[in-house]
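These notes concern the structure reproduced below.
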Amino acid sequence: MQSSIDIVDQNIKTINTWLKDIAAELDGVSEEQAWANLKAVLQTLRDRITVNEAADFAAQLPIIIRGLYFEGWHPAETPHKWRDRAEYIDALNRKLEGDNGEQVLKAVLRVLDFHLDSNELHRVKEMHPKEVWDLWPG
């Protein structure tokens, strides 16, 4: 049986890999910026899907990232009904405190697609406006 310390160590290794991958996708941003970008994208995804799907999706995330994902969540206020690309990207940009939401979303989704079950990610995609589907990996 894996000890609790082993689980934490494995989570940290996984997170570091994800952050390096995100940094590489975004032309070498810092790991701190990669963390902020991951947080913004995950929370925007979470806020657009149903509570049940949010829980299913979270089950795939490393434990520590799961905490980041659920931080500040108000399930009674979800899913948000951003219906078009502009509303969706505006919501993400507010979390990013910037205006490069499309680039960040594409990069983080490519990393998530590589590391997570693509069927689950596809279910999350289908709960988003069709106008943003082109931002998701194939």
request  = Can you tell me the 0 to 90 degree angle between the C-alpha axis of helix 31-48 and the longest principal axis of the chain, rounded to 10?
outcome  = 50
query = Based on DSSP H runs of at least 4 residues, each adding -39500 (n - 2.57), what is the mean residue ellipticity at 222 nm of the chain after dividing by all its residues, to the nearest 500 deg cm²/dmol?
reply = -21000 deg cm²/dmol
note = Excluding residues fewer than 8 positions from Lys81 in its own chain, the lysines with Cα under 28 Å of it are Lys39, Lys95, Lys106, Lys125, Lys130
inquiry  = Suppose we flag GluC sites (Glu not before Pro) only when DSSP calls them loop and at most 14 other Cβ atoms lie within 10 Å. Which is the longest uninterrupted stretch of the chain?
reply    = 1-70
remark   = Yeah, region 4-135 with a ≥ b ≥ c from its alpha-carbon gyration tensor (a/c under 1.5 is rounded, else prolate when a/b outruns b/c, oblate otherwise) is oblate
query = Taking 0.36 nm per intervening residue step and subtracting the Cα-Cα distance, what contour gain separates His74 from Asn52 on full extension?
reply = 6.6 nm
query = Exposure proxy check: His74, His122 ranked by fewest other beta carbons within 10 Å?
reply = His74, His122
key: Selection from His74, His115, Ala86, by position along the positive dipole direction of the chain (Cβ)   = His74
remark   = Per the charge dipole of the chain (beta-carbon charges, Lys/Arg positive, Asp/Glu negative, Cα centre), the residue among Ile49, Ala36, Gly138 reaching farthest to the positive end is Ile49
task = Evaluate the distance, in nm, between pseudo-label points positioned 7 Å from the Cα of Ser118 and of Lys130 along their respective Cα→Cβ axes.
result = 2.2
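Give me Trp136, Trp73 sorted ascending by neighbouring Cβ count inside 10 Å, so fewest comes first.
If I rank by nearby Cβ atoms, fewest first, I get Trp73, Trp136.
Hand me the trypsin sites (Lys or Arg not before Pro) from region 1-85 located in a DSSP loop with no more than 10 other Cβ atoms within 10 Å, in residue order please. Mind showing how you got there, number by number?
Values: sites: Lys13, Lys20, Lys39, Arg46, Arg48, Arg66, Lys81, Arg83, Arg85; in loops: Lys81, Arg83.
Sites meeting the loop and neighbour criteria: Lys81.
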Per-residue Cβ neighbour rank within 10 angstrom, fewest leading, Lys130, Lys95 = Lys130, Lys95
key: Helix 85-96 vs. the chain, principal-axis angle (Cα, 0 to 90°, nearest 10)   = 40
note = Per the C-alpha gyration tensor (a ≥ b ≥ c, the square roots of its eigenvalues), region 66-113 is rounded if a/c is under 1.5, else prolate if a/b beats b/c, else oblate; here it's oblate
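Bear in mind these aren't lab numbers, they're just calculated from the coordinates by the rules spelled out. Bear in mind the structure is a predicted one, so any value in this text is a computation, not a measurement. Counting neighbours? That spans all protein chains shown, and the Cβs are built from the backbone with ideal geometry, glycine included.
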